[in-house]
Structure formats: C-alpha cells, structure tokens
Amino acid sequence: MPFDSLLFFADAGNGDLFALLPRIDRPDVFVWNDEDDSRTWAAPSLATYLEWRSTGQIEL
C-alpha cells in the first residue's frame, strides 16, 4: 500500500497513525505502524472506526 495515498486523521497515542484511502475510493480505515512501516486494517469505515474506538474495541 503506497504511503502517499494515505490520509491520516488520528493518532493512536503510541506513534501509530490512523488513515483513510481517499484516492483509491475505499472506505476502510487502516493503521500505520511507525516502528515497522506496516499498514494494518482497523475498521470497515470511518463511522465504525469511531464507534469501535469510543467503546474500546480498537486497542493498540
């Protein structure tokens, strides 16, 4: 996944960043790991990400 297509919108508090892929027209949310430069799927949409994050279902 190219780094330049990521639109970062939140910080996980540990250096990792949450991002969307607006250029690819994909609603999924990914998390970028600053230590190993990996990208991992986090949620199927921004709305679901907000719900899961507020209820503690997303933990880093």
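The values are calculated or read from the model by the stated rules, or taken from the named source; none is laboratory data. Note that the structure is a prediction, hence the values are computed from the model and not measured. FYI the Cβ positions are ideal-geometry reconstructions off the backbone, even for glycines, and counts take in every protein chain you see. SASA here: full protein model, heavy atoms, side chains in, ligands and nucleic acids out. Shrake-Rupley method; radii C 1.70, N 1.55, O 1.52, S 1.80 Å.
Restricting to region 43-60, and then to whatever is in a helix (DSSP H, G or I) and over 23 Å from Asp4 (Cβ atoms), can you tell me which residue is least open to solvent (accessible area, probe 1.4 Å)? Give the steps one after another, and end with the answer.
The initial filter retains those residues of region 43-60 that are in a helix (DSSP H, G or I), namely 46-55.
Subset that is over 23 Å from Asp4 (Cβ atoms): 47-48, 50-55.
Details: Ala47: 71, Thr48: 31, Leu50: 99, Glu51: 108, Trp52: 68, Arg53: 82, Ser54: 95, Thr55: 89 Å².
The extreme case among them is Thr48.
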* From the residues in region 23-42 that are assigned to a strand (DSSP E or B) and either modelled with pLDDT under 90 or hydroxyl-bearing (Ser, Thr, Tyr) (or both), which one is farthest from Arg53 (Cα to Cα)? -> Arg26
* To do: Can you run down the residue pairs with Cβ atoms below 9 Å, 6 or more apart or on separate chains, where the first is in region 1-22 and in a helix (DSSP H, G or I) and the partner is modelled with pLDDT under 85 and β-branched (Val, Ile, Thr)?
  => Ser5/Ile24
